[in-house]
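The values are calculated or read from the model by the stated rules, or taken from the named source; none is laboratory data. In this text the structure is predicted, and so the values were computed from the model without any measurement. Here the Cβ is made from the backbone with ideal geometry for all residues, glycine too, and neighbour counts use every protein chain on show.
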Amino acid sequence: MSTALFIFLVAISTLAIVLIWIFWSFALGAGWEPTSRRVVNKMLEMAEVNSDDVVYDLGSGDGRIVIEAAKRYNSRAVGIEADPIRVLWSLIMIRISRLQNNVKIKWGNIFNENINEATVVTLFLWKNINQKLKPKLLNELKPGTRVVSYIWTFEGWEPSKTDNYENIYLYIIGESDR
Ligand SMILES: C[S@@+](CC[C@H](N)C(=O)[O-])C[C@H]1O[C@@H](n2cnc3c(N)ncnc32)[C@H](O)[C@@H]1O
């Protein structure tokens, strides 16, 4: 094989891997876009997170929400993320913050992971994914669980609280679906 052909094949393979990485999350439900620190704090405040809570972030990205929940409120927190690079990144951030005892990250698809221990669920996904998640949330979450969605609502559910400026919506399982 000539050197030029070898370089070409390496370049094509690298490009393919990068494209698969970028579009994988999109294909699963939502691409990566981090929530600002200000909004993360407002989401956790709106849910009135405390040290007895188990906070699940569905599509946890770089882990900023679960890390903040553990740091600020001493909650136990679990992130579920499909993108292995961001899983790795969040694990490094958790280790640096010495929060390994409080924060776990599961590498997987949110639709395949059981979330029934959550008392607070946070999400920043897309509109159609929120809709698809509704039966899972109703089946697995206990009545009274707070669900906080950034940007997107759950159509047909009435939010208990709304921050119209930041586009944050709080739903209480058992109330929101009436
Ligand atoms: C808009 S980002 C939000 C990240 C983080 N929650 C935040 O607020 O900063 C959405 C994340 O969800 C992840 N994601 C999308 N669909 C998913 C799925 N079906 N299972 C697991 N993770 C998913 C993406 O990889 C991406 O990191």
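May I ask you to list the residues in segment 105-123 that are farther than 21 Å from G144 by Cα and buried (at least 20 other Cβ atoms within 10 Å of the Cβ)?
Within segment 105-123, I105 is the sole residue that qualifies.
With the condition kept exactly as written, say whether any residue in segment 1-24 is over 24 Å from I172 (Cα atoms), within 11 Å of the ligand (Cβ to nearest atom) and either touching a residue at least 24 places away in the same chain (Cβ under 8 Å) or in contact with a strand residue (DSSP E or B) (Cβ under 7 Å, 6 or more places away or on another chain) (or both).
Applying the first criterion (over 24 Å from I172 (Cα atoms)) to segment 1-24 yields 1-24.
From the residues that got through so far, the ones that are within 11 Å of the ligand (Cβ to nearest atom) too are 21-24.
Applying the additional criterion that residues be either touching a residue at least 24 places away in the same chain (Cβ under 8 Å) or in contact with a strand residue (DSSP E or B) (Cβ under 7 Å, 6 or more places away or on another chain) (or both) yields 21, 24.
So far as segment 1-24 goes, yes, one or more of its residues are over 24 Å from I172 (Cα atoms), within 11 Å of the ligand (Cβ to nearest atom) and either touching a residue at least 24 places away in the same chain (Cβ under 8 Å) or in contact with a strand residue (DSSP E or B) (Cβ under 7 Å, 6 or more places away or on another chain) (or both).
Please count how many residues of segment 107-125 are outside any loop (DSSP other than H, G, I, E, B) and more than 9 Å from the ligand (Cβ to nearest atom).
Qualifying residue count for the region: 2.
What number of residues within segment 137-152 are over 15 Å from the mean Cα position of the chain (by Cα) and within 16 Å of the ligand (Cβ to nearest atom)?
1
For segment 137-153, give me each residue that is on the phi < 0 side of the Ramachandran plot and either of a type in the set (G, A, S) or part of a loop (DSSP other than H, G, I, E, B) (or both).
Here is the first cut: in segment 137-153, the ones on the phi < 0 side of the Ramachandran plot are 137-143, 145-150, 152-153.
The answer is L141, K142, P143, T145, S149, W152, T153.
Conditions: (1) in a helix (DSSP H, G or I); (2) in contact with a helix residue (DSSP H, G or I) (Cβ under 7 Å, 6 or more places away or on another chain); (3) closer than 25 Å to N130 by Cβ. A77 meets all but one. Number of the miss?
Condition (1) is where A77 drops out.
At pLDDT 95 or above and surrounded by 17 or more Cβ atoms within 10 Å (Cβ to Cβ): is that true of S149 in this structure?
Working: at pLDDT 95 or above: yes; surrounded by 17 or more Cβ atoms within 10 Å (Cβ to Cβ): yes.
Yes, satisfied.
Go through segment 31-67 and give me each residue that's near the ligand (Cβ under 10 Å from one of its atoms) and surrounded by fewer than 24 Cβ atoms within 10 Å (Cβ to Cβ).
First, pick out the residues of segment 31-67 that are near the ligand (Cβ under 10 Å from one of its atoms): 31-37, 39-40, 43, 57-66.
Residues satisfying the conditions are G31, W32, E33, P34, T35, S36, R37, V39, V40, G61, D62, R64.
Out of P34, P143, P84, I need the residue that is modelled with pLDDT under 95 and under 28 Å from E158 (Cα atoms). Which one? Let's see the steps before the verdict.
Working: P143 fails: modelled with pLDDT under 95; P84 fails: under 28 Å from E158 (Cα atoms).
Residue meeting the stated conditions: P34.
What's the number of the condition N74 fails, among (1) on the phi > 0 side of the Ramachandran plot; (2) touching a Phe, Trp or Tyr at 6+ places or on another chain (Cβ under 9 Å)?
(2) is the only condition that N74 fails.
Quick check on this structure: which one of I151, I94 is over 21 Å from G31 (Cβ atoms), among the hydrophobic types (A, V, I, L, M, F, W, C) and out of contact with any Cys (no Cβ under 9 Å at 6 or more places or on another chain)? Quick ask: steps written out before the conclusion?
Values: I151 fails: over 21 Å from G31 (Cβ atoms).
The match here is I94.
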